[in-house]
Ligand code: NI
């Protein structure tokens, strides 16, 4: 055996070993990576789905009413002292900037306080904001099911004297035309960035 041939065998052996090592690392690590990706993808894919509620005009309103259209949705309640009115005010401003483009993107405000937020109460409350915003309420069970559909959190908090407030997920969900979760709207972002996000959702800008 020549020195060159021995070197070749040694080199191929090294490559072979590297391959085996790579395969071991791959089989050892990739399942972990896949599991992480699956978990992330699954939790995002689990946001959204069917819901059945009543609008502030007293009419039934379900996921079928936004089918094939991108939409924005957030949970709140009309007695909310701070976050909800601020969010509604900001959304109204964005919708006014988008003008008629916003007609193609329903904005849904789902109450987590159906005991107090009747359709009439929602209608009265929403009269201070963009008239295109749809208020939604339902039976406590329908509301609870809807929060689960969107993986949202809410909790009744006793504040004494028989009064209560609600803790709730404050995120504005941006849902694609296919009914899938796309992103949340970040109220701390510049308005132009938020407009850009909504235009991308509407497919009118890249
Ligand atoms: Ni609120």
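Which of (1) surrounded by 15 or more Cβ atoms within 10 Å (Cβ to Cβ); (2) closer than 18 Å to residue 86 by Cβ is the odd one out, the single condition residue 193 does not satisfy?
(1)
Which condition does residue 171 not pass, out of (1) under 20 Å from residue 92 (Cβ atoms); (2) over 19 Å from the mean Cα position of the chain (by Cα), if it passes all the others?
Only one criterion in (1) under 20 Å from residue 92 (Cβ atoms); (2) over 19 Å from the mean Cα position of the chain (by Cα) is unmet by residue 171, namely (2).
For the stretch 72-83, give me each residue that is buried (at least 16 other Cβ atoms within 10 Å of the Cβ) and more than 16 Å from the chain's Cα centre (by Cα). Let's see the steps before the verdict.
So the first thing to find is which residues in the stretch 72-83 are buried (at least 16 other Cβ atoms within 10 Å of the Cβ), and the list is 72-80.
Listed by number, the residues that qualify are 77, 78, 79, 80.
Considering only residues that are closer than 24 Å to residue 159 by Cβ and crowded, with 19+ Cβ neighbours inside 10 Å, look in the stretch 84-96 and name the one that is nearest to the ligand (Cβ to nearest atom).
84
If the Cβ limit is 8 Å and pairs must be 6+ apart or interchain, which residue in the stretch 157-186 that is without any contact (Cβ under 8 Å) to a residue 12 or more places away in the chain pairs with which residue that is part of a strand (DSSP E or B) and crowded, with 18+ Cβ neighbours inside 10 Å?
Final answer for the pair search is 157/166.
In the stretch 97-206, which helices (runs of 4 or more DSSP H) lie fully inside it and hold 2 or more residues that are out of contact with any strand residue (DSSP E or B) (no Cβ under 8 Å at 6 or more places or on another chain), more than 16 Å from the ligand (Cβ to nearest atom) and within 25 Å of residue 55 (Cβ to Cβ)?
By residue number, 119-126, 140-149.
For the stretch 54-80, give me each residue that is away from the ligand (no atom under 16 Å from the Cβ), assigned to a loop (DSSP other than H, G, I, E, B), in contact (Cβ under 8 Å) with a residue 24 or more places away in the chain and over 14 Å from residue 177 (Cβ atoms).
Within the stretch 54-80, 56, 57, 58 meet the criteria.
Can you tell me how many residues within the stretch 111-131 are without any contact (Cβ under 8 Å) to a residue 40 or more places away in the chain and closer than 24 Å to residue 47 by Cα?
Number satisfying all stated conditions: 2.
Each reported figure results from applying straightforward, stated rules to the coordinates on display, with no laboratory input. Just so you know, these numbers come straight off a predicted model, no measurement behind them. Quick reminder, even Gly has a Cβ in these numbers, built from the backbone with ideal geometry, and neighbours come from all protein chains shown.
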